[in-house]
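Trainee: First, the structure itself, so that you have it in front of you.
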Amino acid sequence: MQSTSSKLWMAYKLRLKRRWLLWRALRKRHQLSVVRNRTRQITRDAILGFSTVRNEILRLPFFLKHYRALGVEHFLIVDNNSDDGTREYLAEQPDVSVWGSTHSYKKSRFGVDWLTWLQIRHGHGHWCLSVDADEILVYPDNETRPLRALTGWLDARSIPSFGALMLDMYPKGRLDRQIYRSGQNPFEILCWFDHDDYISKMQDRTYYLSVQGGVRGRVFFPNEPSHAPHLNKIPLVKWNRRFAYVSSTHAILPRRLNKVFGQSAQNPPTGVLLHSKFLHVVIDKSREEKQRQEHFTYSSRYDHYYDGLMANPDMWCEASLHYEGWQQLAELGLMSQGDWRP
Amino acid sequence: MAVGFIILAHEHLDRVAQVAGYWAQRRSPVVIHVDARADDEDYRELQDGLARFDNIRFVERRACEWGRFSIVSATLDAATLLLSNSDDISHVFLASGSCLPLRPLEEMNAYLDKHAGTDFIESVTTQEVTWTVGGLDLERFTLRFPFSWKRRRRIFDGYVKLQRRLGISRAIPEGVRPHLGSQWWCLTRETLEAILTDPDREVYDSYFSTVWIPDEAYFQTLVRKHSTMIESRSLTLSRFDFQGKPHVFYEDHLQLLQRSDCFVARKIWPRANLLYREFLGGDLKKLARIEPNPRKLDKIFAKAIDKRLNGRDGLQMQSRFPKAHLWNLPRTCASYSVFEGFSDLFSNFETWLEKRTGTRVHGHLFNKRTVKFAGNATIYNGCLANSAKLRDYNPEKFLASLIWNTQGEHQSFQFGPADRQDISGFASGDPNASFFVITGAWAVPLFHSKLNFQRVRRVAARYQSIEARHVNWLRQHEVRAHVNIWSLAEFVETPMPILQTILDGVDPTASRKLTEVPKMADLTGFGQFVQKLKNEGMNPHSVGDFPLGRQSDQPVSPAKPYAVR
């Protein structure tokens, strides 16, 4: 049992950390330059999408289509040095505001500092969805119940955040065997996944449930499972300007917002972020990322991961499952319907 | 005769307009009350939009707060207005702004004609009520609730506690027998008029104004005084979830709502265009006098609640991380067997068991170097890899996953002191586990090994202490697994009945006679080996009482098994 004073001390330390994160965001706001600001269009209860992108012209058309259909009304996107037309493409979209930054992705805590500033400035009081261009959110009944139905349900129960497992999707055969065309549903190609090699650990002090493993653990980190990327995410939050993501969208402060999985007494539904990283372009991108060393805190640990990807592997195995839709994910326990259904 | 409607609305007035218009167009009078806190412009729009109906009226707006008497006052106002302007209605139906009719109005009128004089209102004594959340049932009537639950929760709770501690209980007015029930009712004109014109109404109103959630109590109680015929059920289909929040119907509930045969449902998600289009748009399908059947829904709801309470045994997932208080549930989803010492004693135990039982038999799953799946597979169901490090990152989850992903096929595996021991606690507390243990059997391969004896002695000592710790798990009194333990000496004494026990234990449904037995290692001279260990100062007690030279008198020939009957 923790004593009351050490609990208080922990709470105080986390508070300091949160304020430090907010302060960073405030300072880094100068690294952003406006490319196209349409934030005046944002209505009072609009659901907002936040993202940092770099050379994502291939994925963006499907990304925007998917989230528009779910009911995201405005996107606030930071473009980090794209040279493939991403910035121009985004600037043309009627519901997107774009900022540019030429500064280090890693030093801005993988874009989180920039997004925190935009969330302070524009997200307060809104449901904010923070996702990367290769993350496609699905949740129970998402075809018939847009995000607003979900946020309404959460609002009615005063639940401020919604969790999702990131599910790495991969093709059958070598990665470059099937070529993805812009606008296509990436999961026509990446239609396989690992369904039960996930490892979760509870971090008692921050109420944070870490999940690792999956296909990346199996293929790239069989000897260092603790280095495998984290798969737990909190992509949807009823934002307050005092909130701050800690590392990517894996964890957030204040810590009560981390109670989105089984830790919650409320039995909320959870979702899955289908991860479209392993399209054919990942091979070239890995070559570039290995050189840039901008993606992980301990970049050198991940050299063999990039090497593995550059080798154009086949991640498929006999036990892989073919993706059939959210019902399947709920049946497998990768997402929970919670009290949201029937 | 027709039914008249009262609609209590506070938001999404565009939907209210649609529903009110639907009823008014079919010649049912409607009175609408809109919460004073709703947007004024929306309200004006609503009035303008419905101006063409002369049978829709609006009552003065009150600020309604959940759980307070203002909602009842608004209902009383609306009922008075409705009854004084419409002489031809026989029933009054109370609906909310998120209600949606599911069946044609003529059918509802026909149904109410058939039940002339019946009041449809859920009205249950406080003792029978099972659904109140927060434990307030009779206390709703005997305590005072002057503070808002929504805005001043702490003061609300504190004041309730204070009254309980002081034993304060106020008198219930004479003639009032507390009843509770759903807020949504359909009363006859006579009953409603009797309630409105009751000479004691002032007394009741002032009493109920400090009752907690009076909209679920006022009419439900007073109807007992005035009604001649009560059907204690609501004609409105509504459900509450586990926490007492009203369940919301979305577009995917279309068929469910159609099949319910109910007249009206709530709450409908205001943006469920499909539902509004389907039920208000064209002509609803005539069902020809079918009784409303909300029970059809209950089955589905019961299933969901059961799943919520009990989870799915043995499924460990981030969405259902097992909680401490659920820790006495089965930790896996199906039975499995753990064999200890058998593969040391029998060279072909795994193939023998697999052949005899037709089940899956793995090697040492918890081997320190690699996971020894059956058939030396590198990846197993559920994409479990044979990497020992991945397994050891969370060995309990590994085992639960393996059992979950091989459902329908009994799993067995070998275990011993040379393996990682992390799962001892987990598996010994799991009622799905069966342990078959021969203690001291690890000595057999040591006996056959060519290692230097000092080394053998050290390894033996280590294995024995590891095994002892493991066996302690199996012998503690919280153990929930099925445990069978024999010492090596005991086992060798009577192997046949024990092997039969094992076959029965792995698959209790099939009665398999022991016709073929596995090949036992040669134990000639094992007695001396044990004695030599003792002479070196180690006490191999787990081997059991192995008499010196016994085995050498009766050498076991591998070709001719020890006993076949």
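The values are calculated or read from the model by the stated rules, or taken from the named source; none is laboratory data. This structure is a prediction, so every number in the text was calculated from the model and none was measured. Positions of Cβ are generated from backbone atoms using ideal geometry, with glycine treated the same way; all protein chains shown enter the neighbour counts. To get the accessible areas, we keep the full protein, side chains included, count just its heavy atoms, and leave off ligands, DNA and RNA. Shrake-Rupley method; radii C 1.70, N 1.55, O 1.52, S 1.80 Å.
Trainee: Give segment A:295-324 a look and list any residue that's under 23 Å from A:Thr270 (Cβ atoms) and either touching a residue at least 24 places away in the same chain (Cβ under 8 Å) or among the aliphatic types (A, V, I, L, M) (or both), or say none. Full working, then the answer.
Mentor: Of segment A:295-324, the ones under 23 Å from A:Thr270 (Cβ atoms) are A:320-324.
Hits for segment A:295-324 are A:Ser320, A:Leu321, A:His322, A:Tyr323.
Trainee: Considering only residues of segment A:297-331 that are within 22 Å of the chain's Cα centre (by Cα) and open to solvent by 30 Å² or more (accessible area, probe 1.4 Å), which is nearest to the other protein chains (Cβ to nearest Cβ)?
Mentor: A:Gln327
Trainee: How about segment A:261-342: which helices (runs of 4 or more DSSP H) wholly inside it have at least 3 residues that are within 16 Å of A:Ala164 (Cα to Cα)?
Mentor: Details: elements: A:282-292, A:303-310, A:326-332.
Counting at least 3 such residues, we get A:326-332.
Trainee: Okay, next question. Of these, B:Leu365, B:Leu353, which one is modelled with pLDDT of 95 or more and more than 14 Å from chain A (Cβ to nearest Cβ)?
Mentor: Working: B:Leu353 fails: modelled with pLDDT of 95 or more.
The match here is B:Leu365.
Trainee: Within segment B:98-129, which residues are within 16 Å of B:Asp215 (Cβ to Cβ) and open to solvent by 30 Å² or more (accessible area, probe 1.4 Å)?
Mentor: B:Glu122, B:Val124 - these are the residues of segment B:98-129 that are within 16 Å of B:Asp215 (Cβ to Cβ) and open to solvent by 30 Å² or more (accessible area, probe 1.4 Å).
Trainee: Considering segment A:90-115 alone, what residues qualify as being of a type in the set (A, V, I, L, M) and surrounded by fewer than 19 Cβ atoms within 10 Å (Cβ to Cβ)? Step through it out loud before you land on a result.
Mentor: Let us first name the residues in segment A:90-115 that are of a type in the set (A, V, I, L, M), namely A:90-91, A:96, A:98, A:112, A:115.
A:Ala91 - this is the single residue of segment A:90-115 that is of a type in the set (A, V, I, L, M) and surrounded by fewer than 19 Cβ atoms within 10 Å (Cβ to Cβ).
Trainee: Within segment A:228-236, does at least one residue satisfy the condition of being within 9 Å of another protein chain (Cβ to nearest Cβ) and surrounded by fewer than 17 Cβ atoms within 10 Å (Cβ to Cβ)?
Mentor: The answer is no, given that none of the residues of segment A:228-236 is within 9 Å of another protein chain (Cβ to nearest Cβ) and surrounded by fewer than 17 Cβ atoms within 10 Å (Cβ to Cβ).
Trainee: What's the number of the condition A:Arg38 fails, among (1) under 26 Å from A:Thr102 (Cα atoms); (2) in contact with a Cys (Cβ under 9 Å, 6 or more places away or on another chain)?
Mentor: Of everything listed in (1) under 26 Å from A:Thr102 (Cα atoms); (2) in contact with a Cys (Cβ under 9 Å, 6 or more places away or on another chain), A:Arg38 misses just condition (2).
Trainee: Given B:Phe147, B:Phe208, which one is closer than 19 Å to B:Val72 by Cβ and not assigned by TED's automatic domain parsing to the domain that holds B:Met108?
Mentor: Values: B:Phe208 fails: not assigned by TED's automatic domain parsing to the domain that holds B:Met108.
Residue meeting the stated conditions: B:Phe147.
Trainee: If you take the residues of segment A:149-179 that are open to solvent by 40 Å² or more (accessible area, probe 1.4 Å) and in contact with a Phe, Trp or Tyr (Cβ under 9 Å, 6 or more places away or on another chain), which of them is farthest from the other protein chains (Cβ to nearest Cβ)? Before the answer, list the steps.
Mentor: Filtering segment A:149-179 for residues open to solvent by 40 Å² or more (accessible area, probe 1.4 Å) gives A:155-156, A:158, A:172, A:174, A:176-179.
With in contact with a Phe, Trp or Tyr (Cβ under 9 Å, 6 or more places away or on another chain) added as a condition, the list becomes A:155, A:172.
Details: A:Asp155: 11, A:Lys172: 14 Å.
Out of the qualifying residues, it is A:Lys172.
Trainee: Let me ask something else. Would you please name the residue that is most open to solvent (accessible area, probe 1.4 Å), looking only at residues in segment B:237-255 that are more than 10 Å from every other protein chain (Cβ to nearest Cβ) and closer than 19 Å to B:Glu216 by Cα?
Mentor: Residues of segment B:237-255 that are more than 10 Å from every other protein chain (Cβ to nearest Cβ), as a first pass: B:237-238, B:240, B:244, B:255.
Add one more test, that the residue is closer than 19 Å to B:Glu216 by Cα, and what stays is B:237-238, B:240, B:244.
On the way: B:Leu237: 2, B:Ser238: 19, B:Phe240: 101, B:Gly244: 35 Å².
Looking at the filtered set, the residue picked out is B:Phe240.
Trainee: If you don't mind, another one. Checking the condition touching a Leu at 6+ places or on another chain (Cβ under 7 Å) and under 30 Å from A:Val282 (Cβ atoms), which residue from A:Leu70, A:Leu64, A:Leu58, A:Leu14 passes? Give the derivation first.
Mentor: On the way: A:Leu64 fails: touching a Leu at 6+ places or on another chain (Cβ under 7 Å); A:Leu58 fails: touching a Leu at 6+ places or on another chain (Cβ under 7 Å); A:Leu14 fails: under 30 Å from A:Val282 (Cβ atoms).
Residue meeting the stated conditions: A:Leu70.
Trainee: Counting only residues that are of a type outside the set (S, T, N, Q) and assigned to a loop (DSSP other than H, G, I, E, B), how many does segment A:71-91 have? Let's see the steps before the verdict.
Mentor: Initially, segment A:71-91 is screened for residues of a type outside the set (S, T, N, Q), giving A:71-79, A:83-85, A:87-91.
Next, only the ones that are assigned to a loop (DSSP other than H, G, I, E, B) stay: A:71-73, A:83-85.
Looking only at that region, the number is 6.
Conditions tested, residue by residue: (1) in a helix (DSSP H, G or I); (2) under 30 Å from A:Cys317 (Cα atoms); (3) within 20 Å of the chain's Cα centre (by Cα).
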site: A:Val98; (1), (2), (3): no, no, yes
site: A:Phe110; (1), (2), (3): no, no, yes
site: A:Leu118; (1), (2), (3): yes, no, yes
site: A:Leu129; (1), (2), (3): no, no, yes
site: A:Ala133; (1), (2), (3): no, yes, yes
site: A:Thr144; (1), (2), (3): no, no, no
site: A:Thr151; (1), (2), (3): yes, no, yes
site: A:Phe162; (1), (2), (3): no, no, yes
site: A:Lys172; (1), (2), (3): no, yes, no
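Trainee: Tell me which of these A:Asn142 doesn't satisfy, since it passes every other one: (1) within 14 Å of chain B (Cβ to nearest Cβ); (2) within 30 Å of B:Lys150 (Cα to Cα).
Mentor: So the condition that A:Asn142 fails would be (2).
Trainee: Between B:Leu83, B:Leu102, B:Leu162, which is at pLDDT 90 or above, outside the structural domain of B:Ala272 (by TED's automatic domain parsing) and of a type in the set (A, V, I, L, M)?
Mentor: On the way: B:Leu83 fails: outside the structural domain of B:Ala272 (by TED's automatic domain parsing); B:Leu102 fails: outside the structural domain of B:Ala272 (by TED's automatic domain parsing).
Result of the check over B:Leu83, B:Leu102, B:Leu162: B:Leu162.
Trainee: List the residue pairs whose Cβ atoms are under 8 Å apart, where the first residue sits in segment A:1-30 and is touching a residue at least 24 places away in the same chain (Cβ under 8 Å), the second is surrounded by fewer than 12 Cβ atoms within 10 Å (Cβ to Cβ), and the two are 6 or more positions apart or on different chains.
Mentor: Taking only residues 6 or more apart or on different chains, the pairs are A:Met10/A:Gln2.
Trainee: When you go through (1) open to solvent by 60 Å² or more (accessible area, probe 1.4 Å); (2) more than 21 Å from A:Ser248 (Cα to Cα) one by one for A:Trp23, which number turns out not to apply?
Mentor: (2)
Trainee: Something else now. Which one of these does A:Asn223 not meet: (1) open to solvent by 30 Å² or more (accessible area, probe 1.4 Å); (2) more than 8 Å from chain B (Cβ to nearest Cβ); (3) of a type outside the set (A, V, I, L, M, F, W, C); (4) in a loop (DSSP other than H, G, I, E, B)?
Mentor: Answer for A:Asn223: the failing condition is (2).
Trainee: Related question: For segment A:174-211, what are the residues that are under 21 Å from the mean Cα position of the chain (by Cα) and assigned to a loop (DSSP other than H, G, I, E, B)? Steps first, answer last, please.
Mentor: Initially, segment A:174-211 is screened for residues under 21 Å from the mean Cα position of the chain (by Cα), giving A:182-203, A:206-211.
If the condition is that a residue be under 21 Å from the mean Cα position of the chain (by Cα) and assigned to a loop (DSSP other than H, G, I, E, B), then A:Ser182, A:Gly183, A:Gln184, A:Asn185, A:Ile189, A:Leu190, A:Cys191, A:Asp194, A:His195, A:Asp196, A:Asp197, A:Tyr207 are the ones that fit.
Trainee: Another question, if that's okay. In the list B:Arg480, B:Arg550, which residue meets the criterion of being among the basic types (Lys, Arg) and modelled with pLDDT of 85 or more? Even if it seems obvious, please write down each step before you answer.
Mentor: Details: B:Arg550 fails: modelled with pLDDT of 85 or more.
When all the criteria are applied, what remains is B:Arg480.
Matching residues to (1) without any contact (Cβ under 8 Å) to a residue 60 or more places away in the chain; (2) under 18 Å from B:Val361 (Cα atoms); (3) open to solvent by less than 50 Å² (accessible area, probe 1.4 Å); (4) part of a helix (DSSP H, G or I):
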| residue | (1), (2), (3), (4) |
| --- | --- |
| B:Ala441 | no, no, yes, no |
| B:Pro445 | no, no, no, yes |
| B:Asn472 | yes, no, no, yes |
| B:Asn484 | yes, no, yes, no |
